Amino acid sequence: MIVFGDILTIRQAPRVVGLAAEYHLPAIYFFRQFADGGLVVYGPDIADLFRRAGGYVDKILKGTKPADLPVEQPTKFELVINMKTAKALDLTVPAPRYSFVPMR
């Protein structure tokens, strides 16, 4: 199942993750807040997007017209695989394809 990052799913993240687990659905999510209990998260690094937005604000405050600023695409992405959820779904993730990052 692919869960997009819209306002409905973000506000209901624990419920969406819980239902996917209840029905044993492997799911990929767009934002990191789904990592706690979700299987896979792949999407833009939100902290990086906010940092880059600060550059836009700086240019606007220095006089650049917003219409003159280029549209930028995300350049940094996050991939999170929740091994606990993978195990609960009886999925095997090959060791060379992941590294362990402590979750809070």
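The values are calculated or read from the model by the stated rules, or taken from the named source; none is laboratory data. Source: prediction; values computed, not measured. Methodologically, a virtual Cβ is constructed for each residue, glycine included, from the backbone with ideal geometry; neighbour enumeration extends over all protein chains shown.
Computed values, structure above
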{"read-out": "Criterion violated by VAL57 - all others in (1) surrounded by 14 or more Cβ atoms within 10 Å (Cβ to Cβ); (2) of a type in the set (Val, Ile, Thr); (3) assigned to a helix (DSSP H, G or I) satisfied", "value": "(1)"}
{"read-out": "Residues satisfying the stated conditions in region 1-42, i.e. farther than 18 Å from GLU78 by Cα, of a type outside the set (Val, Ile, Thr) and buried (at least 19 other Cβ atoms within 10 Å of the Cβ)", "value": "ALA20"}
{"read-out": "Verdict on GLY38 being free of Cβ contacts under 8 Å to residues at least 60 places away in the same chain and part of a loop (DSSP other than H, G, I, E, B)", "value": "yes"}
{"read-out": "Hits in region 11-31 (condition: in contact with a helix residue (DSSP H, G or I) (Cβ under 7 Å, 6 or more places away or on another chain) and at pLDDT below 90)", "value": "ALA13, PHE31"}
{"read-out": "Test: residue in region 65-73 that is under 17 Å from the mean Cα position of the chain (by Cα) and of a type outside the set (Asp, Glu)", "value": "yes"}
{"read-out": "Residue match in region 88-98 (condition: modelled with pLDDT of 90 or more, aliphatic (A, V, I, L, M), in contact with a Leu (Cβ under 9 Å, 6 or more places away or on another chain) and in a loop (DSSP other than H, G, I, E, B))", "value": "yes"}
